[in-house]
1. Once the chain is represented by equal point scatterers at the alpha-carbon sites, with solvent omitted, what log10 I(q)/I(0) does the Debye formula produce at q = 0.15 Å⁻¹?
2. Percent of Cα-Cα pairs more than 12 Å apart in the stretch 117-159, please.
3. Mind listing the phi-derived Karplus ³J(HN,Hα) values for the stretch 247-264, rounded to whole Hz, using 6.51, -1.76 and 1.60 with θ = phi - 60°, and x for any glycine or proline?
4. Any chance you could run the full-extension gain for I221 through R136? It's 0.36 nm times the residue separation minus the Cα-Cα distance, nm to one decimal.
5. When the dipole is taken about the Cα centre of the chain, and only Lys, Arg (+1) and Asp, Glu (-1) are charged at their Cβ, what size is it in debye, to the nearest 20?
6. Per the 1.4 Å probe, what fraction of the accessible area of the chain, in percent, lies on carbon and sulfur atoms?
7. Using the Kirkwood radius over C-alpha pairs as Rh, can you work out the diffusion coefficient of the stretch 250-293 via Stokes-Einstein at 20 °C, viscosity 1.002 mPa s, in µm² per second?
8. What does the C-alpha gyration tensor say about the overall shape of the stretch 54-151? Classify as rounded when a/c is under 1.5, otherwise prolate if a/b is larger than b/c, or oblate.
Amino acid sequence: MKVTEYTDYMCEILLRSGLSSDEINFRIGRLKHAERMHGSQISIISDPYYSLVHEIKALQFLFPLGNVRVADDSHGQAGCDYVLNEKYQIECVCSTAGKADQNGLAKFCACNTLGGLIDYGKKEILLYSRLTSSLRDKKEFYQKHIAAGTMSANLPYIIFLGLGPLSQEMMINPEKNGIEFTGVLLGKGNPTITIHSETREIIGQGYTFRPRIEKWNHQLIDSAIFCNPEYTGISGILFSSADLYEEYTSQNTWLFINPYAINKITKKDFQNITYWAADRNMMYRAYRNGKRK
């Protein structure tokens, strides 16, 4: 599909959204402008285009969950992008590659490796640091709006994170319900296997704990942000692994609930969506409609 054709499809979604004509025209104008912008070092499509498409697809994903109040961007309304059922404050964000030549991500990206072998361990660290940066920005966004009184400190706050141009670079297994993302939220490290010393049978499998990762500039950053008291304002994160031309569905989009959040998410409000939550023993697991996945 050509980008121009996809823009037309996104415009059709906006035209059916029930928004005011001013808001629809404003958003269509921004989308068409972003379509003409230059791409990044890892994509011919601009980062603003990915971001605007993410907002539209997020809205489409949220509609079946109830009433969605949309920010009046055409008049510069302050606050989050969406409010679901007058209860959940939802802010959208797409990750980007940043300065990919400076941070080293460019040399690992598909458009530059031409099918050659790469060290995915190093690439994974770079990708995780980009996702963490996006979440940190939206954590600070929330704190600023709480201080300004343009968002509520008493309602749950959810970040809806899309991979944007990184969707072609990050390896996500939908059959494992996006478990890779816990490498950002709870410090999931490399897989481990425990073998019985005498029988040589495998008696356990799991993952190492990696609380921090090292950025390209050798700065250590938190890779277990749900365990960080600074992030208790984030109630959960909707995370989608879909690429640009994929819709957000229950097969590629998951809700990760912060077990330490101040404002709790009511799980039944997210019917038919796979969510990750801590059980009574603080084991973090995937569920759908109250049943283990």
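1. Summing over Cα pairs of the chain leads to -1.27.
2. Of the Cα pairs, 68 percent sit more than 12 Å apart.
3. 6, 7, 10, 5, 8, 10, 9, 9, 9, 9, 8, 7, x, 10, 5, 5, 9, 7
4. Between I221 and R136, full extension yields an extra 29.5 nm.
5. 740 debye
6. 50 percent
7. Estimated diffusion coefficient is 200 µm²/s.
8. The shape class here is prolate.
The values are calculated or read from the model by the stated rules, or taken from the named source; none is laboratory data. These figures come from a predicted structure and were not determined experimentally. Please note: Cβ atoms are built from the backbone with ideal geometry, for glycine as well, and neighbour counts cover all protein chains shown. Just the protein is used for accessible areas: all its heavy atoms, side chains included, with ligands, DNA and RNA removed. Shrake-Rupley method; radii C 1.70, N 1.55, O 1.52, S 1.80 Å.
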